[in-house]
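To start, the structure under review is shown below, and the notes come after it.
The values are calculated or read from the model by the stated rules, or taken from the named source; none is laboratory data. Computed from a predicted model, the values in this text were never measured in an experiment. All Cβ positions, even for glycine, are placed from backbone atoms using ideal geometry, and neighbour counts span all protein chains on display.
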Amino acid sequence: MLNEMSITENIARLKEEVASTCRSAGRDEHEVALMAVSKVHPAEAILEAYEAGQRLFGENRVQEFEQKSPQLTGLRDASFHLIGPLQSNKTSKAAELFDAIDAVDALKIAQRLDTAAAARNKKLPLLIEVKLSHEESKHGIDPAELPALLNAIAPLTAVEAVGLMTVPPWSEDAETARPYFRELRRLRDEVQKTHPSLTQLSMGMSNDFRVAIEEGSTCVRVGTAIFGKRVYETV
């Protein structure tokens with residue numbers, strides 16, 4: 001049985017830490033959203049977080065969330081984003097289940113999402129994942145290819161690129177992530193000149209979200225610090 005008070009307390013503490021970091025950085029706390037990364041946690045944990053006031057959630061796998069979603073249909077004002085890599089054969093189901101797709105790194109994926117979203121009379125926001133590290137495990141488009149991808153996505157009518165996201169190499173020292181966050185903001189500022197809808201920067205997780213906020217993040221993704229250790233069996 002999950003401890004509701006611990007989830008409630010964790011969310012309250014994290015929201016205060018986000019607000020405090022924004023104040024220190026001279027930013028409006030309302031500019032930064034806290035995403036609760038609920039992947040590999042059961043629907044009951046999401047429901048408890050929702051009762052604690054959390055509304056933005058991130059899931060990593062289409063099939064996993066499909067199994068949980070029937071228990072979450074009553075959360076009318078909650079927003080669920082797919083934050084993990086998306087395979088082509090899962091685009092239709094992803095467009096059906098999610099309110100936004102936060103890890104697009106190929107035109108083919110964007111085109112398939114556009115077709116699926118249009119069939120549902122749905123407008124689907126996209127974040128473009130940019131790979132700024134040399135780690136093989138990291139996903140994302142090469143920064144040099146970003147302008148061409150944005151230009152190709154722009155004519156699509158049922159999807160819209162609204163920002164960028166990245167995952168830097170993990171380190172216990174949050175400062176090592178700062179150059180990656182700074183570079184993503186520079187890229188966003190550059191492409192925003194021709195694509196003004198690109199306002200969002202999804203960067204920063206449990207160990208480095210404070211640095212990410214200082215560098216301009218508009219959404220920090222936090223999982224373990226809210227829900228504890230992973231308890232859901234992935235599929």
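Pairing each residue of segment 60-89 that is in a strand (DSSP E or B) with any residue that is β-branched (Val, Ile, Thr) and at pLDDT 95 or above, provided the two are 6+ apart or on different chains, yields C-beta distances under 9 Å for PHE80/ILE46; HIS81/ILE101; LEU82/VAL62; LEU82/ILE101.
Across segment 116-149, the number of residues qualifying as surrounded by fewer than 16 Cβ atoms within 10 Å (Cβ to Cβ) and more than 17 Å from LEU184 (Cβ to Cβ) comes to 8. Screening ALA161, ALA152 for residues that are surrounded by 21 or more Cβ atoms within 10 Å (Cβ to Cβ) and either in contact with a helix residue (DSSP H, G or I) (Cβ under 8 Å, 6 or more places away or on another chain) or of a type in the set (D, E, K, R) (or both) leaves exactly one candidate, ALA161.
For LYS108, state whether it is at pLDDT 95 or above, within 14 Å of PRO85 (Cα to Cα) and loosely packed, with under 15 Cβ neighbours inside 10 Å. Break it down into steps so the answer makes sense when it comes.
Working: at pLDDT 95 or above: yes; within 14 Å of PRO85 (Cα to Cα): yes; loosely packed, with under 15 Cβ neighbours inside 10 Å: yes.
So LYS108 fits the description; yes.
For GLN111, indicate whether it is within 19 Å of the chain's Cα centre (by Cα) and in contact (Cβ under 8 Å) with a residue 12 or more places away in the chain. Criteria not met by GLN111.
Residue by residue through segment 209-231, note down the ones that are of a type in the set (Gly, Ala, Ser), over 14 Å from THR8 (Cα atoms) and surrounded by fewer than 22 Cβ atoms within 10 Å (Cβ to Cβ). If you could, list the steps in order and put the result at the bottom.
Of all residues in segment 209-231, those of a type in the set (Gly, Ala, Ser) come to 212, 216-217, 223, 225, 228.
Of the ones still in play, those that are also over 14 Å from THR8 (Cα atoms) are 212, 216-217.
Result: GLY216, single match.
Only a single criterion out of (1) β-branched (Val, Ile, Thr); (2) in a helix (DSSP H, G or I); (3) within 26 Å of LEU14 (Cβ to Cβ) is not satisfied by ILE101, namely (2).
Among the conditions (1) of a type in the set (Ser, Thr, Tyr); (2) under 21 Å from GLY163 (Cβ atoms); (3) in contact (Cβ under 8 Å) with a residue 60 or more places away in the chain, the only one that SER6 does not satisfy is (2).
Among the numbered conditions (1) in contact with a Lys or Arg (Cβ under 8 Å, 6 or more places away or on another chain); (2) modelled with pLDDT of 95 or more; (3) surrounded by fewer than 18 Cβ atoms within 10 Å (Cβ to Cβ); (4) of a type in the set (Gly, Ala, Ser), the only one that ALA95 does not meet is (3).
Can you say whether GLU183 is more than 22 Å from LEU82 (Cβ to Cβ), modelled with pLDDT of 95 or more, among the acidic types (Asp, Glu) and out of contact with any Cys (no Cβ under 7 Å at 6 or more places or on another chain), as far as the supplied structure shows? When the stated conditions are applied, GLU183 passes them. Each residue in segment 91-116 was checked for being closer than 19 Å to ILE141 by Cα and in contact with a helix residue (DSSP H, G or I) (Cβ under 7 Å, 6 or more places away or on another chain), and 9 of them qualify. Of the residues making up segment 164-197, those that are surrounded by 22 or more Cβ atoms within 10 Å (Cβ to Cβ) and either more than 16 Å from ASP142 (Cβ to Cβ) or of a type in the set (A, V, I, L, M) (or both) number 6. Here is the figure for segment 172-196: residues that are hydroxyl-bearing (Ser, Thr, Tyr) and more than 16 Å from GLU214 (Cβ to Cβ) total 1. Sub-8 Å Cβ pairs linking a first residue in segment 166-181 that is without any contact (Cβ under 8 Å) to a residue 60 or more places away in the chain and within 17 Å of THR218 (Cα to Cα) to a second residue that is in a helix (DSSP H, G or I) and of a type in the set (A, V, I, L, M), at least 6 apart or interchain, are THR166/LEU184; PRO168/ALA177; ALA177/VAL211; ALA177/ALA212; ARG178/VAL211; PHE181/VAL211; PHE181/ALA212, ordered by first then second residue. For segment 24-34, the criterion of a residue being assigned to a strand (DSSP E or B) and either of a type in the set (A, V, I, L, M) or surrounded by 19 or more Cβ atoms within 10 Å (Cβ to Cβ) (or both) is satisfied by at least one position. GLN54 meets the conditions (1) at pLDDT 95 or above; (2) not in a loop (DSSP other than H, G, I, E, B) in every case but one. The failed one is (2).
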